[in-house]
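Accompanying notes for the structure given below.
The values are calculated or read from the model by the stated rules, or taken from the named source; none is laboratory data. Just so it is clear, the model here is predicted, and its values are computed rather than measured. As a convention, Cβ positions derive from the backbone with ideal geometry for all residues, glycine included, and neighbour counts pool all protein chains shown.
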Amino acid sequence: MYRVRALLLAIALAATACSSDSDTAAEAESPTTTEEPAAEAPTTTEAETGGESIVIESDVDFESSTGAFVVDEGAELLGCSSGSLVQRGGLQGPHGVTNTFMCEDGDRQGTFTFAWKIVDGAKGPGTDNGNWSVLATTGDFAGLTGDGLGSGVVEGEAATMSFPGMISYGPVGATAEADPAIVTDLTAYVVAFFTDDTEGAWNGVSARCQDILEKETHDGWVAELTLEAPGATVTDIGTVIDGDTAAVTYYVFDDAGTLYSPYFAQPWIFSDGNWHQDNC
């Protein structure tokens, strides 16, 4: 089975090791999203949606959860021919595995994220195969839709991956402005993680999660992340609010401007006058 190794940030900010009552929160848009891929086993490498064909070849290092990609087919329509990527998620996550591609050579600037799930017995060229679809976009990639078959071959601590399918650009709908209160509290929470502000980071966690997590362990995450990516910033925040709860999508970049980790529909809760991260 395909292996995905999440970085410490995925544990610290998302606390995915704990079960959450908020997993059913609405999907956040940042700034555009599409439905997550179906779990049915695909039988062909051809996507059923309209548009033009695309083939993206990539490699991923499990230790860093990063890699590079090239667009072998469809680069002109996509508006990107190569770049870097960050892989997050896992087989049991709500989106499966997510690959966020950062274009570094092309007419369009921004990111686009594929979500895909490995399906046992799915036919395809790789050892691990499953449907992919466009989950989210930022910048010039707004309006991008598409799907196809993802395939991976694992070799030691790395994997080569292929994403053949179909893509198209549709109308870009109006994006609701992110809730300013959540933006303020989320930004303070993320900054605290990368400035060794253990108390600020802990105060950004909901009371429910504080009862589950150990503060000493949480403080350790903050210390390590401060060393790993000091000066990180958060961008492209999208919020979907339902009363006192919200699903928040955002992207964390390191001080060099490289994407460190994306987060999709992370649960937050409003209490005691502020919004708090509630994914535990």
Could we say that Cys103 is in the same structural domain as Val134 (by TED's automatic domain parsing), in a strand (DSSP E or B) and in contact with a Cys (Cβ under 6 Å, 6 or more places away or on another chain) here? yes
Is it fair to say Asp140 is in contact with a strand residue (DSSP E or B) (Cβ under 9 Å, 6 or more places away or on another chain) and surrounded by fewer than 21 Cβ atoms within 10 Å (Cβ to Cβ)? yes
So, first residue on the phi > 0 side of the Ramachandran plot in the stretch 54-66, second residue in a loop (DSSP other than H, G, I, E, B), Cβ within less than 9 Å, six or more apart or across chains; the pairs are Ser65/Val4; Ser65/Arg5; Ser65/Ala6; Ser65/Leu7
Any chance Gly243 is more than 19 Å from the chain's Cα centre (by Cα) and within 28 Å of Ile56 (Cβ to Cβ): no
For Gly152, only one of the following conditions fails: (1) at pLDDT below 90; (2) surrounded by fewer than 17 Cβ atoms within 10 Å (Cβ to Cβ); (3) in contact with a strand residue (DSSP E or B) (Cβ under 6 Å, 6 or more places away or on another chain). What is its number? (2)
Given (1) surrounded by 19 or more Cβ atoms within 10 Å (Cβ to Cβ); (2) on the phi > 0 side of the Ramachandran plot, identify the lone condition not met by Ala232. (2)
Which one is nearest to the chain's Cα centre (by Cα), of the residues in the stretch 221-240 that are among the charged types (D, E, K, R) and over 21 Å from Ile269 (Cα atoms)? Glu228
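Only one of Gln210, Gln266 is farther than 30 Å from Thr127 by Cα, in contact with a Ser or Thr (Cβ under 8 Å, 6 or more places away or on another chain) and among the polar types (S, T, N, Q); which?
Among Gln210, Gln266, only Gln266 is farther than 30 Å from Thr127 by Cα, in contact with a Ser or Thr (Cβ under 8 Å, 6 or more places away or on another chain) and among the polar types (S, T, N, Q).
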Taking into account only those residues within the stretch 246-280 that are among the small types (Gly, Ala, Ser) and in a strand (DSSP E or B), which is surrounded by the fewest Cβ atoms within 10 Å (Cβ to Cβ)? Ser271
